[in-house]
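Comments concern the structure below.
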Amino acid sequence: MVEIVGAHGDPPPDRSDGADGTPGVERLLALTDGVVAIALTLLVLQLVVPTLDGVTSAQSHSAQYLWDQLVRTGGDQFTAYLISFYVIAQFWLTHHRVFRSIRGHVEGLAWWNFAFLFTITLMPFTSDLLGRFGHNPLAIDIFALNLVLATAATQGVRIFARRHDLQTARVIDEEVRAGYVRSACVVAVVTFTAVLAWFNTAVAQYCWLLLIPVQRVADRIAKRFPGRPRSDQAPLAPAVGEQRG
């Protein structure tokens, strides 16, 4: 019996549709990519262009006037846009990192993926809320809750795949640990920001910037511990494309 194997010696992932019509991994990824692309596009709609109503000719030609209007009408919203764009991009990268090791699929995996998409589609709304009511602690907490739910859904996909033996045998403990550390660090920053918002919203808004270095810090923490191939996994099922001879 000759098997078609992957780059690391594992059988290639089973990414075709299931016999019961359950969408395969490739279709889940294609759907996710489309939803994320739409969410990223919708984010820019929250930015406000200063109006020319009642503006004199001298003001419309003044760079200082235009800058003042941009700061007054769109400063907080542009900050919320940048933060949300970065966060969605990070979630998309993490999502693909998780699905890169998945070799099979069941209906539950699709539902966990839909839970992740639910949190991503909410982000344009919570981001706009954060931009318009940036000095309202409730708006900051709603955006923070959105991030926590997205993190939980991402980890839900990872845990579901591991428990249902849907990952390749080459997933190493370092990768799994890094994912958990990243999620824990993100939740810690978000929780701290949500609590701080009720005492000082101005400072709390700057705390979102901690989400940028926290990814690198989490990776360095995970790399301090050596990883090893998973050995607690059940034998792999025959690969799609397997040939007999």
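Nothing in this text is a laboratory measurement; each read-out follows from the coordinates by a stated rule. What you see is a predicted model; the values in this text were computed from it and never measured. Methodologically, a virtual Cβ is constructed for each residue, glycine included, from the backbone with ideal geometry; neighbour enumeration extends over all protein chains shown.
Between Arg132 and Phe192, what length in nm is gained on full extension when 0.36 nm per residue of separation is reduced by their alpha carbon distance?
19.5 nm
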Note the full-extension length gain between Arg27 and Val55 as 0.36 nm times their separation in residues minus their Cα-Cα distance, in nm to one decimal. 5.0 nm
Leu82/Asp165 FRET efficiency (R0 30 Å; Cβ-Cβ; nearest 0.05): 0.15
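So how much slack lies between Val44 and Phe199, counting 0.36 nm per residue of separation and subtracting their Cα-Cα distance, in nm?
Length gained between Val44 and Phe199: 52.9 nm.
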Can you pull the one-decimal nm distance between simple spin-label points at Ala63 and Ile212, each 7 Å off the Cα toward Cβ? 2.4
Can you give the FRET efficiency for Phe118 and Ala184, using 1/(1 + (r/R0)^6), R0 = 22 Å, r = Cβ-Cβ distance, to the nearest 0.05? 0.50
Test of understanding: express the Cα radius of gyration of the range 25-223 as a ratio to 2.2 N^0.38 Å, with N the residue count. 1.19
Give me Thr56, Thr121 ranked fewest to most by other Cβ atoms within 10 Å of their Cβ, as a rough exposure proxy. Thr56, Thr121
Do you know the relative contact order of the range 25-223, to the nearest whole percent, from alpha carbon pairs under 8 angstrom that are 6+ apart? 23
Using Cα centres only, tell me the gap between the range 36-85 and the range 86-124 in whole Å. 31
